[in-house]
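Engineer: Shown below is the structure under consideration.
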Amino acid sequence: MAAAGTSAGRGFPEGGGKLSAGQLYRQADLSGLAFATTAELAPLAGLEDQPRARQAIGFGAGIAQSGFNIFAIGPAGLRTQQAIKELAEATAQARKLPRDWVYVHNFAEPHRPVAIALPGRRAPAFQKAIHDLIEDLHAALPALFESEDFQKRRASLEQSIQAKTERSFAALREKAAARNIAVLRTPMGFALAPVHDGKVVEPEEFGTWPEAQQQAVREAIQTLEKELEETLRGIPRIEKEQRDALRELARKTAELAIGPPFDQVKTGFADLPEVLRHIDAIRTDLLENLGFLTAPDAAAQGPGQAAMPPGGPFERYEINILVTQADHAEGAPVIEELNPTLGNLFGRIEHFQIEGALVTNFRLIKAGALHRANGGTILLDARALLSEPFSWAALKRQEIVIEDVSRLIGLAATVSLEPDPIPLDVKIVLVGDRQLYYLLAMLDPDLARYFKVLADFDDAANRTPESEAMLARLIGGLAARAGLRPLDRSGVAAVIEYASRLAGDAHKISLLSERLSDLVAEADHIAGGEVHAAIQREDVEAAIARYIGRMSRLKEQSQEAILREIALIETSGMRVGQVNGLSVLSLGDYAFGQPSRITCTVRPGTGKIVDIEREVALGGPLHSKGVLILSGYLAGRFALNSPMSLSASLVFEQSYGGVEGDSASSAELYALLSALSGLALRQDLAVTGSVNQHGAVQAIGGVNEKIEGFFDLCAARGLTGTQGVLIPQANVQHLMLRQDVVEACAAGRFAVYPVAAIDQGIALLTGRAAGAQTDGGYPEGTVNRLVEERLKHFAAIRKEAGGETLHELGK
Amino acid sequence: MSGPTAIRRIVLRLRPGAADPAMLRLVAELARLLDIGIHGLFVEDEALLSLAALPFAREIRLPTFDWHPLDIEELARELRQSAARLRQLLDQAASSAGVSNSFETLRGSPELAGRLGAGDIVIAIEPRAAPLPRLDLRAGPDSASLMLLIPARARPQSGPFAAVIAPDSAAVLEIASRLALAANDGLILLSVQDKEGRRMAGHAADTGIPQSRIIRGQIPSAAAPEIIKGLARLHPRLVVMPLPDLAGDAWQVAINLGVPVLLVQEGGA
C-alpha cells in the first residue's frame, strides 16, 4: 500500500488537545506538614495506613472462637509482617499465660510418651524436683544396699539358698558314692561313673567284672541318672527363687527408704493429679528395677557424674520440658516461624546412635513453633507454608501431633515414638499474596473453615495531603529503623512521587513499603557518596535512575533494533493502513513501553476482519476480543442497508511473541479506517487505548511506560516537535511521567493527546475531520465519508460478483 | 619384720568352660602389681577319659538337660579345643597387663597337688553354678602358701588394699604393702589389737607408703562379720588375710565385700 503523501503536521490542530506539563506529573504537596527532615516526624505506628486490615487483624486476634484465624493478603513486605506482629503482640498481652507442657516416659507403653500440662512456669520446678529426687536416690540407695544390715540379710539369704542347692547335690553324691558311683563334671555337663577304691574304673577292669556286677552298675547308673537330671533341673528353679527372694528383699529395703522423699516431692504438686500419677509411676518403676541402683556400674557412676546420660537407665525418670513460659513475660506468646517445615512447626523426634543403631526416647522429642505458640499466636508465610510437604494439612488439625516425615513417606523403618498429641489452641496468622489466597480458596474448601478472617492489605491509597503526610512518616520510620539518613523535604517529595508512579496513578500512592524501603536505602548510599547529611531529591532520583539502568538491558536492545531499522518503526511521515501502537513489557518489578507497527489491508469480502495474531495462535483472547469489536464498530457506524462486504487483515508487524490485551484495539481501528479511507496516518504519533463498539476510547494500563517508550525512541532519533502519543482521556489522571518527558512537552518538543473518541483520534492522525453523520450522510471529504464510500463500493462488487465468488474472495 | 615374701607366680587352674575374661583381667592386674607371671594349668581329667572309654558312658548337657553318649575321641577333641581357647584368653589378659605367662596342659587329677609349690598363688573362684562344691581350703591337697579367692561378683579394681592383721602377720603386711606401693594407692590395716595395728602401720610406712595413705581400723574380733563391717565403708579393692586362722571365713568376706581375698600362710611363702 502506498503512502498518501501528506506531509506531517498538515491540518494538524496545533496546540489543540495537548496536555499541559502540569497534567503530566503531579508533584507532592507537603505544605501541610512542617518538617526539615524526617527525623522530626513521628514514625507511622502499626498499620495506620491500612485501616481495613488493621480492623480485621484486631478482630481476628481478639476473638476466641476456633476457626477465626487470620489470612492477611496484600503486598508482601517485612513491614507488613512486622506491623502484624506488633498488633498481634499488643492483643496477646491481654490473653492469659499459656500452660507449660512436658513429655514423660510412659512406663506401660514406652513408645507412647505421655504429655502432661502444668500451669505456666511450673514445668522447671517439676523437672528439678524429679531430677534431684532421682539423683539423691542414686546416691543413697547404693549406700543402703551396702549397709551392714542389708548385706547381712542378703548374705544370709544367698547362703541359705546356696546351701539348699549344695544339699541336694551332696545328697546325690552321697547316694551315688554308696553305690560306688561318682558324679563327674564334663566339659558340657555332668556324667556318672563307676568307681573302685576311689578311682573311676578303667574299661579293662570293668570288662573283667562278672556280667551280673556290670549289669548292676549299669542299673545303678540309670537310676542315678534320673536323679541327677532331676537335681540339675531343680537348680534353675532354686536360682530363680534366689533371685526373686533377693529382689523382694531389695524392694522392701528400698521401699522404706524412698517413701519419704517421694512423698515430699508430691506435696509440691498436690494440685496436679497427672503429675502425682506420674510420680507414683516413677516410684513403682524404681522399685521394680532396683538393679539399676544396685549394679556396680551405678554405684561407680555416682551422683552428679552425668548420672542420666542419653540412653542411660535413669533417663526414663527425667522430665522433658517441651515448652515453658518460665522465660516469657506476661500474656500469650507471639511466634514467627520463617521456615515452616513439618518438623519446625510440629516438633520432631531426634535419634542418637548406639552401636550403629538409631534409637530414641521421649527426651529427644523437640518442640516445634506451634508448641511455643500454643495459647498465643503464630505468624506464618503462606507461600513458605504451602511449599513444605505435609505442613498445610497438618496445620488444619486441632492438635499437635509429632510425626516423622521420613516415616510418612516410607523412607525410614527406625523404631520411633508416638507421643501423646497436645491440644492446639493457637491463633494462626498467614501472610500471603492475593493470588495465593484466591487459588487456595478455590482448591481447598477447608480454607474458609479455618481462616475466617481475611485481612486484605491495600496496595495503594488515595493520594491526598493527609496520605502524603502519612507516607512521609512511613518513609521516615523505614529510614530510621534501617539506620539510614533522614530525608529532607525534597527527598520525601521525590519518594512520594515515586510511590505515585509505582501505583501507576497520579491520584494514588503505592504502599509497597518494601520497594520504597529499597529506594531509600539506595538513595542513602548515594547521599553518603555526595556527603549529604540528609537524603535529598537528587539522591532519590539518582537511585531511581540507577535502578532503571540496572533493569533496562532488554529495553535498550529493543530500542537499538528500531534505531538500526531491524525492527521497522517510523517516527515521521504518513502511511496508509499503518499506525504505531504501544505495548508494555514487564520484567519482574520493572516494566517498559515499546512501539509496535500495526498494519491493515482491506479488500471486498464477507465482512470478516482477520486477526492474523489469532490465526497463528500468537494473540490472546483479550486481543481477539478487541479485534472483533472493530466489526461491531464498523457495522454500527456505517449502516449500509446491505451485508458488510469487507475483508480486512490486521497484524502486529515483527511480533514474534504473544500479543495480549485490548489496549491496541483503537490503534487497530485507526489502521483499518486508514486502509478503508485511503488516508495516510501520521507516523510521528503513537496510539494506545481500547475502543468499544460505539467508538469510545477506553482506559488502558501502563500509560506512563507506553508514553516514555515512544518518547525514548523519538528522542534517540531527535525530537521534531510534532511527535506525541494519543492516550485515552481516562488515563490522564494516571500520568506520572519522567521528568525529561515532562520537560520536552513543556518545551513543545513532544506532546501527549487525550482522546475520548475514535473520531478525535482519527482526526489527529489523518489531519482530516472525522465527520459527523447528518441526514445526508457524512460530509464530503471527511474520513467517515471516505470509509462509507469504500464500504459501499465493496458491497457493490459483492453484489455484482455474487455470493460464492465473494466468499472465495473473502477467504 | 622378716624379709620379703617370695612369690613365684600365680597358678591359674583352668577348667573347660570356666573362662571368664573379667576374672582373667583381675588376675593379670594382680600379677602386674606383684611383678610376677601367670601360669595357666589346664588339666584333662583322667577319670573323665576313663569313663568315656566305657560303652555305656553318657553325659547330661547343660543347659538343655539332654543326654548324649560320651565318646572318648570327641571328649579329647573338646578338651583340646577348650585348652586352646583358654590359652588364647590368658595370653590376651597377660599381654594387656604386660605380664609374662605360660600354659601347661596335663592329664591327671584336677587337684594336681604335686604341681603347686611354695610361692605359688593359687586361684579359687566362687562357683557361679551351684553344683560345684566350694573349695575346702583347709582340707585341700594344694601345698601353695597363697590363695586368691575371687567372688563371682567382683567389683571394679580400684581403691585401697586392706590387710587383716593378726599377731605375727608379717607376710600379710608385707604383701599388702607391696601391692599398695605398686598401685600407688592406700593401705587399710585392720587389727584386733590397736597396739599391733600401730606397730604394723609403722612397718608399712617404712616400705615407703605415705602416712596419709595408711588407714588403721580396729575390730573386736577377727571373725568374718567383723572384718566385713570394718571394711564395708572403706571400699577396698583387695583384702589380704592370713590363711591358717581365718580361712573358714574368707569366702564370706570375699562374697560380702565383693572383692578378691588373698590368703597368705605366714612363714609358708
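Just so it is clear, none of the values below were taken in a lab; they were calculated from the coordinates. Note that this is a predicted model, so its numbers are computed, not measured. Using ideal geometry, Cβ is built from the backbone for each residue, glycine included, and neighbour counts are taken over all protein chains shown.
Engineer: Based on the alpha carbons, how large is the Rg to Rh ratio for the protein assembly as shown when Rh follows Kirkwood?
Structural biologist: We get a ratio of 1.30 for the protein assembly as shown.
Engineer: With r as the distance between the Cβ atoms of A:Glu653 and A:Leu628 and R0 = 22 Å, compute the FRET efficiency 1/(1 + (r/R0)^6) and round to 0.05.
Structural biologist: Step by step, r from the Cβ atoms, then E = 0.60.
Engineer: Between A:Leu358 and A:Glu418, take the C-beta separation as r, use R0 = 22 Å, and let me know the FRET efficiency to the nearest 0.05.
Structural biologist: The computed FRET efficiency comes out at 0.85.
Engineer: Further, regarding this structure: If each Cα of the stretch A:56-177 is one equal point scatterer, what is log10 of I(q)/I(0) from the Debye formula at q = 0.09, 0.12 Å⁻¹?
Structural biologist: -0.63, -0.83
Engineer: Based on DSSP H runs of at least 4 residues, each adding -39500 (n - 2.57), what is the mean residue ellipticity at 222 nm of the protein assembly as shown after dividing by all its residues, to the nearest 500 deg cm²/dmol?
Structural biologist: Values: 37 runs with 481 residues, N = 1080.
The helix-only estimate for the protein assembly as shown comes to -14000 deg cm²/dmol at 222 nm.
Engineer: Using modelled backbone amide H atoms (1.01 Å from N, in-plane), which distant-in-sequence or interchain residues come within less than 5 Å of B:Leu14's amide H?
Structural biologist: B:Leu41, B:Phe42, B:Val43
Engineer: Here's a follow-up. Report the label-to-label distance for A:Ala94 and A:Thr284 in nanometres (one decimal), using points 7 Å from each Cα along the Cα→Cβ vector.
Structural biologist: 4.6 nm
Engineer: I've got another one for you. Give, in nm to one decimal, the length gained when the segment between A:Ala533 and A:Glu86 is fully stretched (0.36 nm per residue of separation minus the Cα-Cα distance).
Structural biologist: Going from the current span to full extension adds 157.8 nm.
Engineer: Let me ask something else about it. Got a sec? How would A:Tyr590, A:Tyr656 order by Cβ neighbour count within 10 Å, fewest to most?
Structural biologist: The most exposed by this proxy come first: A:Tyr656, A:Tyr590.
Engineer: Can I ask one more? Amide H to amide H under 5 Å from A:Val195: which residues, 5+ apart in sequence or cross-chain, H placed 1.01 Å off N in plane?
Structural biologist: A:Ile181, A:Ala182, A:Val201
Engineer: Place a point 7 Å from the Cα of B:Asp35 along the Cα-to-Cβ direction; which residues of the stretch B:168-205 have their backbone N under 15 Å from it?
Structural biologist: Within reach of a label on B:Asp35, which here means backbone N under 15 Å from a point 7 Å along Cα→Cβ, the stretch B:168-205 contributes B:175-184.
Engineer: Could you run the Karplus curve 6.51 cos²θ - 1.76 cosθ + 1.60 with θ = phi - 60° over the stretch B:47-64 and give me ³J(HN,Hα) per residue in whole Hz, x for Gly and Pro?
Structural biologist: Values per residue, Gly and Pro as x: 4, 5, 5, 5, 4, 4, 7, 6, x, 9, 5, 8, 10, 9, 9, 10, x, 8 Hz.
Engineer: How large is the charge dipole for the protein assembly as shown, taken about the Cα centre, if only the Cβ atoms of Lys, Arg (+1) and Asp, Glu (-1) carry charge, to the nearest 20 debye?
Structural biologist: 1100 debye
Engineer: Arranged by the count of other C-beta atoms within 10 angstrom, fewest first, what order do A:Tyr547, A:Tyr778 take?
Structural biologist: If I rank by nearby Cβ atoms, fewest first, I get A:Tyr547, A:Tyr778.
Engineer: Using Cβ counts within 10 Å as a stand-in for footprinting exposure, how do B:Met23, A:Met551 rank, fewest first?
Structural biologist: Exposure proxy ranking, most exposed first: A:Met551, B:Met23.
Engineer: For B:Glu46 paired with A:Ser31, estimate the spin-label separation in nm (one decimal), with each label point 7 Å from Cα along the Cα-to-Cβ line.
Structural biologist: With each label point 7 Å from Cα toward Cβ, the separation is 13.3 nm.
Engineer: Here is a further query. Would you mind checking A:Lys96/A:Lys452; A:Lys608/A:Lys706; A:Lys508/A:Lys555; A:Lys128/A:Lys266; A:Lys152/B:Lys229; A:Lys152/A:Lys252 for any pair whose Cα atoms are more than 21 angstrom apart?
Structural biologist: Pairs exceeding the cut-off: A:Lys96/A:Lys452; A:Lys608/A:Lys706; A:Lys508/A:Lys555.
Engineer: Further question: Would you calculate the separation in nanometres between label points at B:Asp20 and A:Thr601, each defined as 7 Å from the Cα along the Cα-to-beta-carbon direction?
Structural biologist: Distance between label points: 11.0 nm.
Engineer: Tell me which of A:Pro621, A:Phe150, A:Leu41 sits at the most positive position along the dipole axis of chain A, charges placed on C-beta atoms (Lys, Arg +1; Asp, Glu -1).
Structural biologist: A:Pro621
Engineer: Determine, from the Cβ-Cβ distance of A:Phe262 and A:Ala143 and an R0 of 22 Å, the FRET efficiency 1/(1 + (r/R0)^6), rounded to the nearest 0.05.
Structural biologist: Details: r = 18 Å, r/R0 = 0.81.
That pair, A:Phe262 with A:Ala143, gives E of 0.80.
Engineer: Residues with beta-carbon under 12 Å from that of A:Glu219, excluding A:Glu219: net charge, scoring Lys, Arg +1 and Asp, Glu -1?
Structural biologist: +2
Engineer: Something else now. Residue by residue through the stretch A:585-592, what is 3J(HN,Hα) from phi via Karplus (6.51 cos²θ - 1.76 cosθ + 1.60, θ = phi - 60°)? Round to whole Hz and write x for glycine and proline.
Structural biologist: Once rounded to whole Hz, the list reads 10, 9, 10, x, 7, 10, 9, 9.
Engineer: Can you find, among B:Thr105, A:Leu172, A:Ala281, the residue sitting farthest towards the positive end of the charge dipole of the protein assembly as shown, where Lys and Arg contribute +1 and Asp and Glu -1 at Cβ?
Structural biologist: So the residue furthest toward the plus end is A:Ala281.
Engineer: Stretched out fully, how many nm does the piece from A:Asp271 to A:Asp458 gain, at 0.36 nm a residue minus the Cα gap?
Structural biologist: Extra length from A:Asp271 to A:Asp458 when fully extended: 62.2 nm.
Engineer: While we're on this one: Can you tell me what share of the DSSP beta bridges in chain A is antiparallel? A percent to the nearest 5 is fine.
Structural biologist: If I count the DSSP bridges inside chain A, around 60 percent turn out antiparallel.
Engineer: Can you give the net charge of the other residues whose Cβ lies under 11 Å from the Cβ of A:Leu380, counting K and R as +1 and D and E as -1?
Structural biologist: -3
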